[in-house]
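Here the structure is laid out as structure tokens; the discussion comes afterwards.
The values are calculated or read from the model by the stated rules, or taken from the named source; none is laboratory data. The structure displayed is predicted, hence computed values, not measured ones. Cβ placement follows ideal geometry from the backbone for every residue including glycine, while neighbour counts extend to all protein chains displayed.
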Amino acid sequence: MTIRLVIMPALVLGLAACAHGPHPHDHHHDLEGATAVQDHPDKLVRAATGEMVDNPFHPVRLLLSNTESAGEVTVYEFLLPPESPGSPPHTHTLEDEYFFVVSGTLDVLSNGEVLRLKPGDFATLNRGHTHMFWNGSDAPTELIMATTGGSFEAFMETAAPRLAEAKPETAEDAGAVIGQLAAEHGIAIAMEKMPSEAAPFYAPPPAPLTPEQE
């Protein structure tokens, strides 16, 4: 896929340059004190060959682990089915997120506004700001998602095992498990900030019918 061979390297290089520490935005670099970083070989991921992540939310492929780059960048391919949730409203404290829409459309909550992103659109969702995303269209959505630091990757790796261990009986119980895990990784979930446009895609499934109702 062209997006992975051309745009992805540019995105990763840009993120690697600013992935460490606070961002004063003065862009002054003291190269005299620079230290050597661990060498990482180049990596090429062909279309549809990324490592599938055992993820309870939607199909996810891992294209680049934070352990594979000196900039501690993680890059995913997210595949959202039509009319499906992506994430609840949440705020990061340890990483920033970067979205590039490859195909379909992506609805996002950003800066208190609901926006629809189209193929070729790019969004920066910075730490400290509540955001969320979902697919409100009747077609699949494919996007490239990147984060700085390694905390979010650890969250993604442990979400499915944590749910399997907890064995939640209801959607509310499952949400509580994910909420606790998110908090452990510096992510605060705020369901009260969900916009009305997204709410239908996050409604719990209807309760099964009782014998009397059947």
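If I ask for residues that are over 21 Å from VAL53 (Cα atoms) and in contact (Cβ under 8 Å) with a residue 40 or more places away in the chain, which ones from the stretch 95-126 would you list? Hits for the stretch 95-126 are ASP107, LEU109, VAL114.
Number of residues in the stretch 176-191 that are more than 28 Å from GLU72 (Cβ to Cβ) and without any contact (Cβ under 8 Å) to a residue 60 or more places away in the chain: the value is 1. The criterion of being touching a residue at least 60 places away in the same chain (Cβ under 8 Å) and either under 29 Å from PRO204 (Cβ atoms) or in contact with a helix residue (DSSP H, G or I) (Cβ under 8 Å, 6 or more places away or on another chain) (or both) holds for THR91. Residues in the stretch 142-159 include none that are modelled with pLDDT of 95 or more and more than 23 Å from LEU64 (Cα to Cα). Scanning the stretch 164-176 for residues that are assigned to a helix (DSSP H, G or I) and more than 18 Å from the chain's Cα centre (by Cα), which turns out surrounded by the most Cβ atoms within 10 Å (Cβ to Cβ)? Restricting to residues being assigned to a helix (DSSP H, G or I) and more than 18 Å from the chain's Cα centre (by Cα), the top hit is ALA174.
Counted as qualifying within the stretch 90-135 are the strands (runs of 3 or more DSSP E) with 2 or more residues that are of a type outside the set (S, T, N, Q), surrounded by fewer than 20 Cβ atoms within 10 Å (Cβ to Cβ) and over 15 Å from the mean Cα position of the chain (by Cα), namely 113-117.
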